[in-house]
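Structure first, commentary second.
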Amino acid sequence: MTLAPETTRTTTALTLQLLLEDGWFTVCELSLLTPGRGVAALLPDGRQVALFTDRAGRTYAIDNRDPFSGAAVLSRGLTGTHRGRPFVASPLLKQRFDLESGRCLDDEGVRVATYEVRAA
Amino acid sequence: MTSHTTMTATTATTGTATAPNASAGNTHTIVLVGHGMVGQHFLESLAERGLTATHRVVVLCEEPRPAYDRVRLTSYFSGRTPDELSLTDAEFIKEHGIELHLGDPAESVDRAARTVTARSGLTVGYDTLVLATGSYPFVPPVPGKDAEGCFVYRTIEDLLAIEEYAKARATTGAVVGGGLLGLEAAGALKGLGLATHIVEFAPRLMPVQVDEGGGAALLRTIEDMGLSVHTGTGTQEIVTGDDGAVTGMKLSDGSELPTDLVVFSAGVRPRDQLARAMGLTVGERGGITVDEQCRTSDPAVFAIGECALAADGRVYGLVAPGYEMAATAAATIAADGASFTGADLSTKLKLLGVDVASFGDAHGATADCLDVVYADARSGIYKKLVIGRDGRLLGGILVGDADAYGTLRAFTGSVPPIAPEQLVLPASAGAPVALGPSALPDSAVICSCHNVTKGTIRGAVTEHSCTNVPEVKKCTKAGTGCGSCVKVLGQLVNEELAASGVEVDHGLCGCFGQTREELYEIVLALRITSYRTLLDRYGREDARGGDGCEVCKPAVGSVIASLAPTIGADGYVLAGEQAALQDTNDHFLANLQKNGSYSIVPRIPGGEITPEKLIVIGEVARDFGLYTKITGGQRIDLFGARVEQLPLIWARLVDAGFESGHAYGKSLRTVKSCVGQTWCRYGVQDSVRMAIDLELRYRGLRSPHKLKSAVSGCARECAEAQSKDFGIIATSNGWNLYVGGNGGATPRHADLLAQDLSDAELVRLIDRFLMFYIRTADRLERTSTWLERIPGGLDHVREVVVEDSLGICEELESLMTAHVAGYRDEWAETINDPEKLGRFVSFVNAPDTPDPVVGFVPERDQIKPDLPLLTIGQRPLEGSAQR
């Protein structure tokens, strides 16, 4: 699930939050994200998550590990729209991953974990 | 195993003898002797007629590999591997159930029993026997001809043997024979780096194909390449040393030519020995006599290709007539009417890089014919047309520029629609627009190798829905023989597509219907500085308002960066929205490596560096624990930096006077240099100074792909400038500029664009060349592929950037001037911008924590990536934040 940021709040800066097993985890201020690019976040248990925002302000979170190389680099890929769906292309060998489902668009058998994310 | 009678074809013959005449039940057996180009074409003709399904087909091949492209043998030296020369795909052989025996030549034939026995002892019964044994090189009977170091030039094995010998013990090579094959062989020796001589008995080169004028043009061009040509000279003896190896040749003029290697290429003779032993009729001067159906004196035996003496009394040494004979034999076996009554000897070749073509009655043998000749000895161009009294074009010879070959050959036999002199005059001499293939009738043969007419090619587009040249080639086979018609083919296909209103999508990606070149023009003309604006206004309907894709974002980012000073965009690639367009390398101004770490390459212009700066690089590498390697571009690459270390490392480097080397960008990499005149006793110009000047001029220039350059201080070419996008070689009068070279997976020697330039002329020409490339190339298209792709190729580029045929040179120069004036060092700018520095962290929520997946282990006193860290998969890393 992705949520558009609420634009009515003006008092405090919006933060990005991830839904983990034990509740919402605050990552950073939403303003640190550039549309079209990602950032990586470190979870308390050592997992890495890649967070993205697009032109419309929608936010996405997937595992940061590129399953093809093993390197934690998906947050550094370029994002785009393919048939109306958002994706990120791995910066190493350019395989594309759907940002909502985590499915690899270039190799059906491969999928990365996705996270529920919100701006709050 | 029990033996029983079977009515179906069997393939169990390898190495075993089958009973004479018992060719697997009632199946008609065809045995093909010889698997060269013509043999393979015969097999394809059988398959096309469905004969492989109804007949058992056995092939005996002497060479250890299946049919390959003998015509392109020399291309081995420009990087084609023996595999790439292959004409046979294993699928074809398998799919058609063909029994192919390699390295097992036919040794005897029993015509009474109808059996063939191969060297291995394999005996096969046949109903039809087809001889395609080709020809063998003629070696003149001179003393010493069998000495060590003497070769012939016919097979891949010959070529490999020459290569091995040349590398081990030769610096000079001589070719006996200045005909077509001799020049091919000379090209091979030159490609091996040997000082090469050509010894030709006739008074000119290629005496069969060209006349005196053509021979003179050819001679001049070939001598200009540094080859020594001895025409009107015979070889009398091969001189050998004490060890029995070649040391030289005695020539008919009494002189001795020292050489370490001799290649005999004095013509070929039909291989008819097997036919003679079988008792078949052969010609007086060799060749298996065949009738118009390619049948020999034994109706069960056919002969095709170079071993056959055709019904018109000629032995054809070209591949196109061979193919026609192959098709004729296959048709005859299928009981279809076909005949081979003789062939056109038209040829177009590129020998040593020189176009040579001759067609029709090239030597003007027809009574009362007249010549129209255009000769430009300075450029090595010679064109002759032979015109009949009735105005019909009878034939011609083209040397140095054979672009018109396809059209002219197709007009042969008819009265061309424009005056003959206009067919040979260059455009600059007032000739009208070149006669396009649209003027040809449908019956004109475009591909003479496969006898494909213009009508058939048009049909491929209109009826078989082909939309590009590769599809048309596959559909019609046109252009798959010698390849000389591919250019005309391309024009025809485009014309036909345009005429039938087929829209060909040349769009950059799913987001843009325009090519990169078109987007460049839009960005420049409308001064568009934002990707989003471009996408929303000019993107495909369904892509507007979206997020683009990983293909067009960096491509548009590059166009905007190339034009930044002119269109008023920020020249800094990480400025504003532009940052989001860059590939990760450009985004972090470093090169991403396999484990997520980065490498750093500071600019070292021309490869010149002070000891102090060298020490700084060493200290930085030591202090940050980086792996250090010298690059091929005379720089130093520092590997293993974590993203958060990049600004710290660059702060030190910038402080010591270094700047970005743009190893991460699609932009100028390095300008290599040799030490040049300053130190080298051979140098004729200061190559280091020129390399530094050029590197500083073009640094930071964003382009469709990376740009590499080099400057050599003399013709010895130590800087390898001819393998660069733009390479400069010093001459005693100035500089020669070469363009379109490439190393890597598809090496290409650069082409000479202009000679003996002054410093200012050189820089001006490179300015224009680079800006024209940036303007017209496709995304990720190197100059080498661009030069090959753009219509008109090198000649067109020369017209545009040297002669200013489009009138855009002033604009190209001013774009470059703006780039040079607007250059800023990206790294100096970045380390002084706290907001940009904020991006250089592994984790947005833990800026001081390094990525735990990036780890290193020791190797040879340095580091290398700890790959097991990458294979831990999705398992959580316990306490990794502290690791």
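The numbers here are math on the coordinates, done by the rules we state, and not lab data. Predicted model only: the values in this text are computed from it and were never measured. For neighbour counting, all protein chains shown are included, and Cβ atoms are generated from backbone atoms with ideal geometry for every residue, glycine included.
Points to keep in mind about this one:
- Gain on full extension, evaluated as 0.36 nm per residue between B:Ser86 and B:Thr281 minus their Cα-Cα distance, stands at 66.9 nm.
- This ranking places B:Ile615, B:Ile418, B:Ile381 by how few other beta-carbon atoms lie within 10 Å of each, fewest first, which gives B:Ile615, B:Ile418, B:Ile381.
- Chymotrypsin sites (Phe, Trp or Tyr not before Pro) restricted to DSSP loop in segment B:587-692 with at most 13 other C-beta within 10 Å: B:Trp679, B:Tyr682
- Chain B: DSSP helices with Cα axial extent of at least 24 Å and average Kyte-Doolittle hydropathy no lower than -0.5: B:759-776
- Dimensions in Å of segment B:489-627 - Rg and Dmax from alpha carbons: 20.9, 67
- For segment B:194-206, putting each phi into the Karplus relation 6.51 cos²θ - 1.76 cosθ + 1.60 with θ = phi - 60° gives couplings of 8, 5, 10, 10, 10, 10, 10, 5, 5, x, 8, 6, 6 Hz, in residue order, rounded to whole numbers and with x for Gly and Pro.
- Diffusion constant of segment B:667-823 at 37 °C, which comes from Stokes-Einstein with the Kirkwood Cα-pair radius and 0.692 mPa s, µm²/s: 214
- B:Leu425-B:Arg169 pseudo-label distance in nm [points 7 Å out on the Cα-to-Cβ vector]: 5.8
- Loop trypsin sites (Lys or Arg not before Pro), segment B:229-318 (other Cβ atoms within 10 Å of the site Cβ: 10 or fewer; DSSP): B:Arg285
- Segment B:311-392, Cα convex hull volume normalised per residue, Å³: 129
- For the pair B:Thr231 and B:Asp312, a Förster radius of 35 Å applied to the C-beta separation gives a FRET efficiency near 0.70, rounded to the nearest 0.05.
- Beta bridges assigned by DSSP with both partners in the protein assembly as shown are antiparallel in approximately 70 percent of cases.
- Across all directions, the average projected area of the convex hull around the alpha carbons of segment B:438-501 is 3.6 nm².
- Cβ-derived FRET efficiency at R0 51 Å, B:Glu157 paired with B:Thr678, nearest 0.05: 0.60
- Surface/4 estimate of mean projected area, convex hull on alpha-carbon atoms of segment B:516-582, nm²: 3.9
- Panel order for B:Asp861, B:Asp442, by other beta carbons found within 10 Å of each beta carbon, from fewest to most: B:Asp861, B:Asp442.
- Anchor B:Lys250: aspartates and glutamates whose Cα lies under 14 Å away (excluding residues fewer than 8 positions away in-chain): B:Glu200, B:Glu237, B:Asp260
- Set of aspartates and glutamates near B:Lys350 by C-alpha distance (under 12 Å), chain-local residues within fewer than 8 positions excluded: B:Glu184, B:Asp401, B:Asp403
- A full extension of the chain between B:Leu614 and B:Thr817 corresponds to an added length of 69.9 nm, given 0.36 nm per residue minus the alpha carbon distance.
- Of B:Val801, B:His749, B:Val739, farthest towards positive along the dipole that unit charges on Lys, Arg, Asp, Glu beta carbons give segment B:731-883: B:His749
- Percent of C-alpha pairs per 10 Å bin, segment B:74-231, short to long: 9, 28, 28, 20, 13, 2
- On the beta carbon distance between B:Asp655 and A:Thr15, with R0 = 30 Å, the FRET formula returns roughly 0.20.
- Cβ-placed point charges (K, R +1; D, E -1), dipole of segment B:553-672 about Cα centre in debye, nearest 20: 420
- Spatially proximal lysines relative to B:Lys594 (Cα-Cα < 29 Å; intrachain offsets below 8 disregarded): A:Lys94, B:Lys553, B:Lys613, B:Lys629, B:Lys666, B:Lys672, B:Lys706, B:Lys708, B:Lys724, B:Lys836, B:Lys864
- Taking 0.36 nm per residue of separation and subtracting the current Cα-Cα distance, fully stretching the chain between B:Asp224 and B:Val373 would add 51.4 nm.
- Fraction of C-alpha pairs exceeding 21 angstrom in segment B:52-137: 41 percent, rounded to a whole number.
- Global form of the protein assembly as shown, assessed from the alpha-carbon gyration tensor, a/c cut-off 1.5: prolate
- Euclidean distance between Cα centres, segment B:103-128 to segment B:771-836, Å: 64
- Value in Å of the Kirkwood radius, where chain B supplies the Cα pairs that are averaged: 31.4
- Cα gyration tensor shape of segment B:344-435, rounded if a/c is under 1.5, else prolate or oblate by comparing a/b with b/c: oblate
- The smallest convex shape that holds all Cα atoms of segment B:150-266, its convex hull, gives 90 Å³ per residue.
- Of the residues B:Ser758, A:Ser75, the one with the fewest other Cβ atoms within 10 Å heads the list, and the complete ranking is B:Ser758, A:Ser75.
- Projecting label points 7 angstrom from Cα along Cα→Cβ for B:Thr27 and B:Ala300 puts them 1.9 nm apart.
- Sequence-distant residues sharing a close amide H with B:Thr240 (under 5 Å, placed H): B:Thr247
- Annotation: Cα Rg of segment B:289-425 relative to the compact-globule expectation 2.2 N^0.38 Å equals 1.25.
- Percent of Cα pairs exceeding the 18 Å cut-off, where the set is segment B:126-172: 48
- Column: log10 I(q)/I(0), Debye, Cα scatterers of segment B:635-702, q = 0.15, 0.20, 0.21, 0.28 Å⁻¹: -0.64, -0.93, -0.97, -1.20
- The Rg/Rh ratio for segment A:43-120 is 0.94, where Rg is the radius of gyration of the alpha carbons and Rh is the Kirkwood radius.
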